[in-house]
1. For the stretch 15-64, which residues satisfy the criterion of being basic (Lys, Arg) and not in a loop (DSSP other than H, G, I, E, B)?
2. Only residues that are surrounded by 24 or more Cβ atoms within 10 Å (Cβ to Cβ), farther than 20 Å from Ser279 by Cβ and away from the ligand (no atom under 12 Å from the Cβ): list them for the stretch 295-345, please.
3. Take the residues in the stretch 86-110 that are surrounded by 15 or more Cβ atoms within 10 Å (Cβ to Cβ) and away from the ligand (no atom under 14 Å from the Cβ), then tell me which one is farthest from Tyr34 (Cα to Cα).
4. Looking only at the stretch 65-75, decide whether some residue is farther than 13 Å from Leu25 by Cα, of a type in the set (Ser, Thr, Tyr) and more than 12 Å from the ligand (Cβ to nearest atom).
5. Residues Ser206, Ser194, Ser176, Ser171: which one is at pLDDT below 95 and not in a loop (DSSP other than H, G, I, E, B)?
6. Give the stretch 111-123 a look and list any residue that's under 20 Å from Gln337 (Cβ atoms) and near the ligand (Cβ under 10 Å from one of its atoms), or say none.
7. For the stretch 124-140, check the following and say yes or no: at least one residue is touching a Lys or Arg at 6+ places or on another chain (Cβ under 9 Å) and more than 14 Å from the ligand (Cβ to nearest atom).
Amino acid sequence: LKAGKQEMYDLLIVGSGPSGLAAALSAKTHGLSYIVLERGVIANTIYNYPIARPLFSTPDEVELERGALPAGSKPTREQVLSHYTHFVTSQRLNIQTDAEVRRVTRLVEGFLVETVSNQYHARTVLVAVGGFGRERRLGVPGETHERVSYHFIEPYPFASKEVLVVGGGNSSAEASLALAEVGARVTLSIRRASLDEPGQPYAQLSAARAPGAKIKPWVLAPLQEEVAEGRVKVITSSEVVEIFPKSVILRVAGGGSSDIVELQCDQVLALIGADPDTSLLESAGAEIADDGRPVYDPNTYETTVPGLYVAGHITREMHMKNAVKIARKTADIISSQVNQSRVVG
Ligand SMILES: Cc1cc2nc3c(=O)[nH]c(=O)nc-3n(C[C@H](O)[C@H](O)[C@H](O)COP(=O)(O)OP(=O)(O)OC[C@H]3O[C@@H](n4cnc5c(N)ncnc54)[C@H](O)[C@@H]3O)c2cc1C
């Protein structure tokens, strides 16, 4: 490990999503010394959304500065990314990208935060790493990176191909629609008995932790139209059991029994969600609840380790509106505590 900056930061923020950025501005406004460490690019989760995807949130719910996004329509991935990156520059936020935090250790005074190449000291740490740290896998034989993708970025590479989309949530529904539009032959495999039933946890995966996502009504309606027109085929009550170089084996339940079906396909898109990665919190000794999310004070978002806080999607707040709002409030609380201890000290 290279000796990092020797400075003791008042606040170290892990993650530069909407919650990390909102907290950074609050820390800066309150005069705290702070740094944001980000393993990817700024707002990496949003960067990974499908190209040109409109959000389902309104501009005021995701803005970090009032009026930064055009009013009257849902912002796109590109508009939000443009706003967030300009925000970082115009506010001169202290962010280090390509800096994956590997461990947070509690010290007698403050915390030691380690990346692969650096170490940092901080009085307080805000973990804002989002809710997608542990990508789910199908967990079946033949599941290789050549055959299965876990992200959907754009439909064009799949035009005229046979694609199996797996997953009953919004992402798989949206991907199926986009694929059908470019002429891919799309089959959607879902576990539940119909598209409009509420989601169920995906079979082999952390069932207790993973409430299934429901398809948003404005995505469900066009998808049902595509199904009715025969451009998307849906196989309900099904699950993937094995993947071969040119085909996939599905188990399809019905009438008290189940059938094994072989389906030709060029590519599998497994859009079955992700779980939060709580390993940094665990490394610092914070308690994790049975639902896989950290235990924290619902007013301050401080974990069971004093001085270690959480914000955004790693908590039980799934959406950007609260990621921004609560992170700002938590950073305000941290700032007043740090500033108070300075006065007392
Ligand atoms: C396709 C898609 C569409 C969505 N659309 C909407 C929508 O329209 N409206 C809405 O409200 N929500 C939407 N969401 C959910 C939304 O993305 C989250 O609510 C939001 O990103 C949470 O913000 P966050 O700051 O808590 O976490 P994130 O935005 O996930 O940011 C976490 C950051 O931490 C970084 N990080 C993770 N681990 C480390 C580490 N060890 N070291 C350093 N950095 C790390 C990540 O790279 C990432 O940049 C959508 C999600 C998806 C997948």
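1. Across the stretch 15-64, the qualifying residue is only Lys28.
2. Answer for the stretch 295-345, where residues must be surrounded by 24 or more Cβ atoms within 10 Å (Cβ to Cβ), farther than 20 Å from Ser279 by Cβ and away from the ligand (no atom under 12 Å from the Cβ): Ala331, Ile334.
3. The extreme case among them is Arg106.
4. yes
5. Values: Ser206 fails: not in a loop (DSSP other than H, G, I, E, B); Ser194 fails: not in a loop (DSSP other than H, G, I, E, B); Ser176 fails: at pLDDT below 95.
Just a single option satisfies the conditions, and that option is Ser171.
6. Val113
7. No, every residue in the stretch 124-140 fails to be touching a Lys or Arg at 6+ places or on another chain (Cβ under 9 Å) and more than 14 Å from the ligand (Cβ to nearest atom).
So that you can scan it fast, the table gives a plain yes or no per residue for (1) within 27 Å of Gly312 (Cα to Cα); (2) surrounded by fewer than 17 Cβ atoms within 10 Å (Cβ to Cβ); (3) in contact with a Phe, Trp or Tyr (Cβ under 6 Å, 6 or more places away or on another chain):
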{"site": "Ser117", "(1), (2), (3)": "yes, yes, no"}
{"site": "Arg136", "(1), (2), (3)": "yes, no, no"}
{"site": "His145", "(1), (2), (3)": "no, yes, no"}
{"site": "Ile153", "(1), (2), (3)": "yes, yes, no"}
{"site": "Ser160", "(1), (2), (3)": "no, yes, no"}
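The values are calculated or read from the model by the stated rules, or taken from the named source; none is laboratory data. A quick note: this is a predicted structure, and the numbers were derived from the prediction, not measured. Reconstructed Cβ throughout: ideal geometry from the backbone, glycine too, with neighbour counts over all protein chains shown.
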